[in-house]
Amino acid sequence: MLAFSKVIQPKTVAEAYEAAVKNKMAPLLASGCWIRLGRRIWPVVIDLSEIGLRYVKEENNEFVIGAMATQSDVEQFEPLRQFVKGIIPAGIHEILGVQFRNMATMGGSVASRFGFSDIIPALLAVKADVVLANGGRMSLEDYMTYRDRDILVEIRIPNHEVPVAIEALRISRGDFPYLTGSIRKDETGYAVYVGTRPGAPMKAVKASALLTEKGAAAAKEAGELAAEELNLQKNSHASKEYRQAMTKSMVVRLVKEVEAWN
């Protein structure tokens with residue numbers, strides 16, 4: 001249940017940022033899909049629904065996703081369904097049900113930086129940037145460790161076709177994943193990302209460097225290195241040892257998929 005004593009409804013991004021800075025403990029309310037599961041009564045919430053950020057468009061050779069665009073808005077945006085074999089809509093499609101995706105926003109999904117996110121690994125693989133009200137534009141990879149109080153305004157994806165692949169492992173369809181991953185191969189080499197560690201998705205730096213140096217022949221070794229270098233832990237969905245084992249095999253599959261790209 002979502003309960004609060006006062007709601008602030010800014011009309012511009014500047015007003016939203018000002019309210020966020022003045023009310024440091026107030027949650028930023030996008031769709032409220034997750035916050036409404038709690039029982040806390042909030043003194044103040046900041047509702048972002050009136051600041052005009054619900055859009056998905058192409059602009060200057062980029063895909064631009066407003067923070068208040070829903071997951072369904074993005075899933076159904078035809079140009080993104082054609083981009084890099086549709087991995088962004090594919091990463092969204094398995095998230096719970098249609099009703100949830102019709103409400104959940106892209107900004108909320110990214111800004112929350114949930115460990116179990118299906119969306120973030122896909123966005124990392126396509127080198128997405130975020131635009132913040134105060135922090136400006138930065139890579140999503142950098143944003144994962146950004147801790148300043150800020151408003152996520154847009155997600156920007158370069159419209160550049162490169163081999164990428166994603167994977168999410170679940171016990172059953174519609175469940176939260178117990179491991180997620182993605183990979184990118186471009187002129188600079190490979191980049192491997194693993195999420196649901198159960199922490200937030202992050203780059204397997206050593207595994208990526210190994211693949212860049214030795215190529216696909218080192219896929220098995222890279223999987224073992226990723227399982228070793230990332231801080232994989234247990235939770236109610238999977239043990240540490242199981243995640244380590246699944247990471248090894250997932251990296252091998254991801255490498256095979258980008259190598260088969262055509």
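The values are calculated or read from the model by the stated rules, or taken from the named source; none is laboratory data. Only a predicted model underlies this, so the values are computations on that prediction, with no experimental measurement involved. Glycine gets a Cβ as well: all are built from the backbone with ideal geometry, and neighbour counts include every protein chain shown. Quick note on the areas: whole protein, heavy atoms, side chains included, nothing else; ligands and nucleic acids left out. Shrake-Rupley method; radii C 1.70, N 1.55, O 1.52, S 1.80 Å.
Restricting attention to region 99-118, the residues that are in contact (Cβ under 8 Å) with a residue 12 or more places away in the chain, open to solvent by 10 Å² or more (accessible area, probe 1.4 Å) and part of a helix (DSSP H, G or I) total 7. Does region 241-261 contain any residue that is open to solvent by 10 Å² or more (accessible area, probe 1.4 Å), aromatic (Phe, Trp, Tyr), touching a residue at least 60 places away in the same chain (Cβ under 8 Å) and within 29 Å of Tyr146 (Cα to Cα)? The answer is no; no qualifying residue exists. Taking region 204-227 as the range and being within 23 Å of the chain's Cα centre (by Cα) and surrounded by fewer than 18 Cβ atoms within 10 Å (Cβ to Cβ) as the test, the residues that pass are Val205, Lys206, Ala209.
Restricting attention to region 1-29, the residues that are open to solvent by less than 30 Å² (accessible area, probe 1.4 Å) and at pLDDT below 90 add up to 4. Of all residues in region 49-66, those that are over 14 Å from Phe77 (Cα atoms) and modelled with pLDDT under 95 have Cβ atoms under 9 Å from Cβ atoms of residues that are part of a loop (DSSP other than H, G, I, E, B) and of a type in the set (Lys, Arg), 6 or more apart or on another chain, in Glu50/Lys11; Ile51/Lys11; Gly52/Lys11.
Residues of region 100-147 that are more than 9 Å from the chain's Cα centre (by Cα), closer than 23 Å to Val205 by Cβ and hydroxyl-bearing (Ser, Thr, Tyr): Ser139, Tyr143, Thr145, Tyr146.
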